[in-house]
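Presented below is the structure to which this report refers.
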2 protein chains.
Amino acid sequence: MSQRHTTDRTKRTLVRTRVKAEQLLPVETGDIGVTTHENVYRGLRDRILFGGFLPGSAVTLRGLAETMGVSPMPIREAVRRLIAERALKLQDNRRVLVPPMTKEAFEQIVFTRKTLEPELAARALDNISDADIRAIKTIDQTVDRAMGVGDVQAYMRGNYRFHFAIYQRAHADILIALVESIWLQFGPFMRMAYGRIGTSLLEDHHQAAIAAIEHRDRKALKAAITADIVQGMNFIGEAVLKRPDLKT
Amino acid sequence: MSQRHTTDRTKRTLVRTRVKAEQLLPVETGDIGVTTHENVYRGLRDRILFGGFLPGSAVTLRGLAETMGVSPMPIREAVRRLIAERALKLQDNRRVLVPPMTKEAFEQIVFTRKTLEPELAARALDNISDADIRAIKTIDQTVDRAMGVGDVQAYMRGNYRFHFAIYQRAHADILIALVESIWLQFGPFMRMAYGRIGTSLLEDHHQAAIAAIEHRDRKALKAAITADIVQGMNFIGEAVLKRPDLKT
DNA sequence: ACCTCCCCATTGTGATCACATTAATGGCGC
DNA sequence: GCGCCATTAATGTGATCACAATGGGGAGGT
């Protein structure tokens with residue numbers, strides 16, 4: 001992480017808070033040449049995708065700045081970006097929060113997933129090498145392990161990596177971007193559902209997807225992805241949205 | 001537009017450049033309570049959507065700041081937001097530009113439009129009032145007029161308003177956001193195509209869509225929207241992408 | 001005990017400066 | 001004249017300060 005502005009006062013302040021940040025957040029230092037706001041963005045994005053935030057959580061620029069040990073400036077840029085991706089919401093108060101889920105938003109998310117993700121998998125199929133398949137299997141094992149242990153965050157990270165390891169091979173960056181925005185929008189909600197229910201009851205259709213890939217069966221792959229989406233989203237949808245008292 | 005920081009130097013500078021900006025750009029002063037970067041965002045967004053930029057155009061923060069008569073700060077936020085929406089691209093040089101179109105991106109854009117927009121229209125159908133229909137017809141007349149005169153920007157603005165006047169009624173903000181991002185990505189490309197070919201050969205399926213809405217015929221509406229997309233995108237696709245020499 | 005008003009802390013926003021890096025330019029040698 | 005290199009200009013990024021607006025909390029009144 002390149003650090004400019006090495007006047008005495010600045011340096012001292014940064015060093016002090018930096019130490020604190022390293023204790024609190026496992027934010028990667030980032031590859032060289034990558035801007036600070038990019039690293040902040042990745043850190044926040046991971047927290048949203050993998051269950052580091054709950055819906056409705058308030059987010060403040062100065063708070064994040066202190067937590068992550070940087071000035072508010074790169075935080076502003078990263079948060080602005082996440083707002084544009086609908087991962088965060090800027091309410092009329094000009095306050096930033098992790099958007100709560102609604103029945104309507106959830107329905108649109110499920111629709112989009114069912115529409116775009118099987119298509120991405122189908123487009124990827126011909127580009128998935130044997131080495132890719134082995135890597136995907138390895139990822140799926142970590143998913144199973146996390147499910148068994150009940151580690152929500154590890155499960156969510158593994159599940160994300162499983163899906164996008166496939167989708168990535170479609171070389172369809174525009175579609176990928178749309179789907180990633182969708183995942184960012186249900187990440188905190190999924191976290192809340194699993195936090196409430198646990199991952200023990202969980203089942204997925206990863207094995208069917210892997211088998212379909214191995215057989216180069218496009219139709220079966222789309223079906224497996226669809227089934228995985230429907231099953232998973234039903235699970236977390238029923239876990240939370242059916243209780244009208246626990247809306248947030 | 002709220003303006004803080006009214007020290008002498010700042011004020012003088014801002015006033016001077018503000019006059020220049022009003023001559024150059026028809027940027028709305030914006031409703032009260034709206035932030036400056038929001039107004040900047042809308043201005044840039046409109047220019048991208050309605051043909052104010054060509055693919056490959058370079059964009060600089062200080063340049064825009066001077067043109068629009070504001071400090072670079074709100075420009076940064078607006079540009080960051082547009083980059084997140086894929087309307088602008090941040091290349092490795094850390095320079096910002098209007099992204100050029102590729103064959104692959106174009107195909108994904110067409111796929112997404114054909115997938116999501118008829119769905120949006122179908123969802124909107126039951127919420128379109130008679131007054132809405134009249135408004136949509138009025139918009140379509142401005143589209144016809146612009147086509148006749150050959151006013152590319154007016155045509156693009158009208159076409160956008162026609163489609164989204166329908167889509168808005170779906171009350172599906174997540175889907176709308178996805179489609180708007182897509183429109184931002186082909187806006188400059190469409191402008192280039194029309195700038196090269198002109199709008200005289202243009203035809204659309206707006207009348208069929210309006211008729212379908214009046215008959216509350218969901219199937220016909222989806223077909224009309226699909227036909228409109230296919231016809232329009234084929235037109236601009238052939239106008240540009242088929243010439244391998246004029247890639248940009 | 002509860003509601004209301006006022007004060008102060010906190011927050012997002014905009015402006016400005018400093019800096020590293022990349023692009024552009026002009027001059028020099030051949 | 002033409003290509004190469006050093007110098008300069010321009011650009012994105014981060015830090016810091018100032019300010020308006022919102023929110024929370026406590027005091028005072030009913």
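The values are calculated or read from the model by the stated rules, or taken from the named source; none is laboratory data. Source: prediction; values computed, not measured. Using ideal geometry, Cβ is built from the backbone for each residue, glycine included, and neighbour counts are taken over all protein chains shown. What goes into the accessible areas is simple: the full protein's heavy atoms, side chains included, and nothing from ligands, DNA or RNA. Shrake-Rupley method; radii C 1.70, N 1.55, O 1.52, S 1.80 Å.
General remarks:
- When the surface is traced with a 1.4 Å probe over the full set of protein chains, A:L90 keeps roughly 70 Å² accessible.
- Looking at region A:106-214, the GluC sites (Glu not before Pro) that sit in a DSSP loop and have at most 16 other Cβ atoms within 10 Å of their own Cβ are A:E203.
- List B:F50, B:F235, ordered by accessible area with a 1.4 Å probe, largest first: B:F235, B:F50
- The packing ranking, built from the mean of other Cβ atoms within 10 Å per residue, places the peptides B:162-168, B:192-198, A:60-66 in the order B:162-168, B:192-198, A:60-66, highest first.
- Take each residue in A:112-122, count the other chain C-beta atoms within 10 Å of its C-beta, and the mean is 2.
- A full extension of the chain between A:A223 and A:A208 corresponds to an added length of 4.5 nm, given 0.36 nm per residue minus the alpha carbon distance.
- Counting only heavy atoms of the protein chains and using a 1.4 Å probe, A:I236 has close to 0 Å² of accessible surface.
- For region A:65-158, trypsin sites (Lys or Arg not before Pro) meeting the loop criterion (DSSP other than H, G, I, E, B) and having at most 12 other Cβ atoms within 10 Å: A:R94, A:R95.
- Threshold 10 Å², region A:84-110 residues less accessible with all protein chains present than alone (1.4 Å probe): A:A84, A:E85, A:R86, A:R94, A:A105, A:E107, A:Q108
- Distance between region B:136-190 and region A:125-184 - C-alpha centres, whole angstrom: 36
- Relative contact order computed over region A:159-248 (Cα-Cα under 8 Å; 6+ residues apart), in percent: 24
- The B and A chains share an interface that buries close to 2900 Å² of accessible area, total over both sides, probe 1.4 Å.
- Relative contact order for region A:103-240, counting Cα pairs under 8 Å that sit 6 or more residues apart, in percent: 37
- Once the partner protein chains are put back, region A:55-81 shows a loss of at least 30 square angstrom of accessible area, versus the chain by itself, at A:M73, A:R76, A:E77, A:R80, A:R81 (probe 1.4 Å, ligands and nucleic acids excluded).
- Of the solvent-accessible surface of region B:118-221, computed with a 1.4 Å probe and all protein chains present, 48% belongs to carbon and sulfur.
- Percent accessible area from carbon and sulfur atoms, region A:52-98, protein chains only, probe 1.4 Å: 48
- Over 21 Å apart at the Cα level, from the set A:K137/A:K222; A:K114/B:K222; B:K89/B:K242; A:K219/B:K242; A:K103/B:K222; B:K103/B:K242, are B:K89/B:K242; A:K219/B:K242; A:K103/B:K222.
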